Ligand code: AMP
Ligand code: MG
């Protein structure tokens, strides 16, 4: 029970939900119940808060996160919904279905929620606590399952407190999750709707609404099909890793106090959470015809540095 008090497990009464909404809006992390599993929530428009989610989960890679909205209208203001998306939303939202759709150019979501993809996974949860938290925070909430990487998803507040208690500002206790397995993830970003992860809504029910669903090989954690990986953001310019200085025509992406000459610095103080928060946005800013290539200074292979290096290596190899 000690972990519980440390982690501030709070019964999800209206006052607690209002406080949790304020914490999320202020950039903190809150674990909360949804109908599928408990989520580890952060303001999806706040790069640093989203980076803190990856840090808390201790993931070696930046897997894209599901972004939760209070209603379909709010979701479809930030991703491009077509007729299929609208029919699925009509049939299954609020509920255990996540749709992967192209990000709209005007979207204010952190680039980190997409982990470098040009798509966003969006969902409207039906759990009353999740819904009330979305209303209280006033922002979309990025929330992966509230477990450390490689562990099973939590379906009670106690599960969260045991494994992630130290990383969150508050755990809202709304009892056991009624569905208890993750949401079904359907990729609608291409012509062929693809099942990326089986979950709370069955493939058969989805096919009744939009027809044939193809199945992508997936371990339920990472988009596996080559098509998915190809869409990972890679700069148009060549990327040179482990650089000590900029060569002719190169922009230098630095890290830490030693990177005084860098064009941009991921974190002048060398903070890996800040570096993760800046990674995708800074790569995009340097990827202009003004430069011939992007040289990236070494990133330490620890904590979030592992995920940053994973993405940098992929971006360098994609060309
Ligand atoms: P979790 O957040 O732990 O429930 O896992 C989220 C699932 O959604 C993972 O399987 C992710 O790979 C998948 N996912 C999230 N965003 C995207 C996206 N933009 N494209 C493809 N899959 C995604
Ligand atoms: Mg998970």
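Quick look at the values:
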quantity	calculated
Selection within region 127-154 - part of a loop (DSSP other than H, G, I, E, B) and within 16 Å of ligand 2 (Cβ to nearest atom)	143, 144, 146, 147, 148, 149, 150, 151, 152, 153, 154
Which numbered condition residue 119 fails, given (1) more than 9 Å from ligand 1 (Cβ to nearest atom); (2) at pLDDT 95 or above; (3) more than 22 Å from residue 20 (Cβ to Cβ)	(1)
Residue in region 151-159 that is on the phi < 0 side of the Ramachandran plot, more than 16 Å from ligand 1 (Cβ to nearest atom) and in contact with a helix residue (DSSP H, G or I) (Cβ under 6 Å, 6 or more places away or on another chain) present	no
Near pairs, Cβ below 7 angstrom, 6+ apart or cross-chain, from region 173-196 (in contact (Cβ under 8 Å) with a residue 12 or more places away in the chain and more than 24 Å from residue 129 (Cα to Cα)) to any residue that is part of a loop (DSSP other than H, G, I, E, B) and within 11 Å of ligand 1 (Cβ to nearest atom)	194/216; 195/216; 196/216
Qualifying residue in region 62-83 (condition: more than 26 Å from residue 200 (Cα to Cα), away from ligand 2 (no atom under 16 Å from the Cβ) and modelled with pLDDT of 95 or more)	no
Residue 109 being closer than 22 Å to residue 308 by Cβ, touching a strand residue (DSSP E or B) at 6+ places or on another chain (Cβ under 8 Å) and within 16 Å of ligand 2 (Cβ to nearest atom)	no
Top-ranked residue of region 213-254 - restricted to ones that are assigned to a loop (DSSP other than H, G, I, E, B), more than 16 Å from ligand 1 (Cβ to nearest atom) and touching a helix residue (DSSP H, G or I) at 6+ places or on another chain (Cβ under 6 Å), ranked as modelled with the highest pLDDT	241
Criterion: crowded, with 24+ Cβ neighbours inside 10 Å and at pLDDT 95 or above - qualifying residue of 40, 101	40
Qualifying residue in region 281-293 (condition: in a strand (DSSP E or B) and either at pLDDT below 90 or crowded, with 16+ Cβ neighbours inside 10 Å (or both))	yes
Among the candidates 16, 91, residue that is touching a residue at least 12 places away in the same chain (Cβ under 8 Å), touching a strand residue (DSSP E or B) at 6+ places or on another chain (Cβ under 8 Å) and either away from ligand 2 (no atom under 16 Å from the Cβ) or outside any strand (DSSP E or B) (or both)	16
Residue, farthest from ligand 1 (Cβ to nearest atom), within region 20-38, restricted to residues that are part of a loop (DSSP other than H, G, I, E, B) and in contact with a strand residue (DSSP E or B) (Cβ under 7 Å, 6 or more places away or on another chain)	27
Number of positions in region 166-212 that are more than 15 Å from residue 38 (Cβ to Cβ), within 15 Å of ligand 1 (Cβ to nearest atom), part of a loop (DSSP other than H, G, I, E, B) and more than 19 Å from the chain's Cα centre (by Cα)	4
Extreme residue, surrounded by the most Cβ atoms within 10 Å (Cβ to Cβ), among residues of region 43-56 that are within 13 Å of ligand 2 (Cβ to nearest atom) and closer than 19 Å to residue 8 by Cβ	53
Residues that are crowded, with 20+ Cβ neighbours inside 10 Å, more than 13 Å from residue 34 (Cα to Cα) and touching a strand residue (DSSP E or B) at 6+ places or on another chain (Cβ under 7 Å), drawn from region 112-136	113, 114, 119, 120, 121, 122
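The values are calculated or read from the model by the stated rules, or taken from the named source; none is laboratory data. Computed from a prediction, not measured in an experiment: that's the story for all the values here. Glycine gets a Cβ as well: all are built from the backbone with ideal geometry, and neighbour counts include every protein chain shown.
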